[in-house]
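Down below is the structure, laid out as structure tokens.
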Amino acid sequence: MVTTEWFWIKKDPDAPSISDAKGFNRKKYPYFTDEKSFVEVEDAVAYYEYGGKFVECDFLFEPTFLIHDNFHSLFRYLEPELQFKGVQLYATRNVDRNATPLYWLPYLPITDAVSDETKLIQGKPVKLILKYEPLAEKRVAHCKLPAADIWLVSLEAAECILRRQPIGIILEKIDLMFKGKVVSNQWSVVSNS
């Protein structure tokens with residue numbers, strides 16, 4: 001019997017983006033943070049253009065997955081194996097009211113939990129299905145497909161995240177393979193944006 005549901009942390013399509021931030025060299029901050037790229041990154045500073053409408057999203061997805069300082073201690077509690085490196089953002093123009101948010105680049109070894117039943121188009125999942133067994137003792141997991149960096153949270157972790165009313169994400173419930181059978185998705189999307 002499956003004892004928990006799993007959710008994929010995805011960017012809310014209506015959330016603002018800072019993909020134009022300066023200082024996020026794609027070689028230094030690749031889309032997929034693996035052990036090699038994480039070791040090479042040091043705590044850093046990056047810059048963003050201040051347009052008067054900057055919103056501090058709690059999770060960033062471009063150029064790589066970043067967790068806002070508000071969620072750093074929660075993720076450290078949920079998954080003690082997670083490692084982090086800090087990224088301080090500053091506005092390119094010197095305006096006193098500009099936000100200087102602190103984000104954290106997380107690293108967690110890849111969990112082989114993506115089922116062969118997952119439907120892909122050009123390396124991205126159209127219908128993500130997970131294997132339950134590799135997730136059984138976890139609350140946070142990191143999976144990878146050819147064109148998708150996937151961060152997952154258990155129901156317990158999702159509830160902890162939602163209690164903090166995150167900005168900029170949706171949590172999409174994922175089907176699980178358990179003993180060769182797909183356990184159906186009962187909810188589609190949970191969002192606080």
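What follows draws every value from the coordinates through simple rules; no lab data is involved. No experiment lies behind these values; they were computed from the predicted model shown. Don't worry about glycine lacking a Cβ; one is built from the backbone with ideal geometry, like all the others, and counts go over all protein chains shown.
What the Cβ-Cβ distance of residue 14 and residue 126 gives, at R0 = 30 Å and to the nearest 0.05, is a FRET efficiency of 0.90. Checking the cross-link pairs 36/124; 10/36; 85/138 against a 28 Å limit on the alpha carbon distance flags no pair as lying beyond it. Taking a Cβ cut-off of under 11 Å around residue 168, the surrounding Lys, Arg, Asp and Glu residues balance to a net charge of -2, with basic ones at +1 and acidic ones at -1.
Cross-link reach is defined here as a Cα-Cα straight distance under 14 Å, omitting same-chain residues fewer than 8 places apart; for residue 11 the aspartates and glutamates meeting it are 56, 58, 62, 149, 172. Spin-label pair residue 156-residue 40: with each label point 7 Å from Cα along the Cα-Cβ axis, the two points sit 3.6 nm from one another. Near residue 139: Cβ cut-off under 14 Å, other residues only, Lys/Arg at +1 and Asp/Glu at -1. The net charge is -4.
Less than 5 angstrom separates the built amide H of residue 129 from those of 115, 118, 119, all sequence-distant by 5 or more or on a different chain.
The alpha carbons of the range 34-158 occupy a box of 51, 33, 29 Å along the principal axes, longest dimension given first.
Across the range 122-185, the volume of the C-alpha convex hull divided among the residues equals 104 Å³ per residue.
Taking every alpha-carbon pair under 8 Å whose residues sit at least 6 apart, the range 29-148 reaches a relative contact order of 23 percent.
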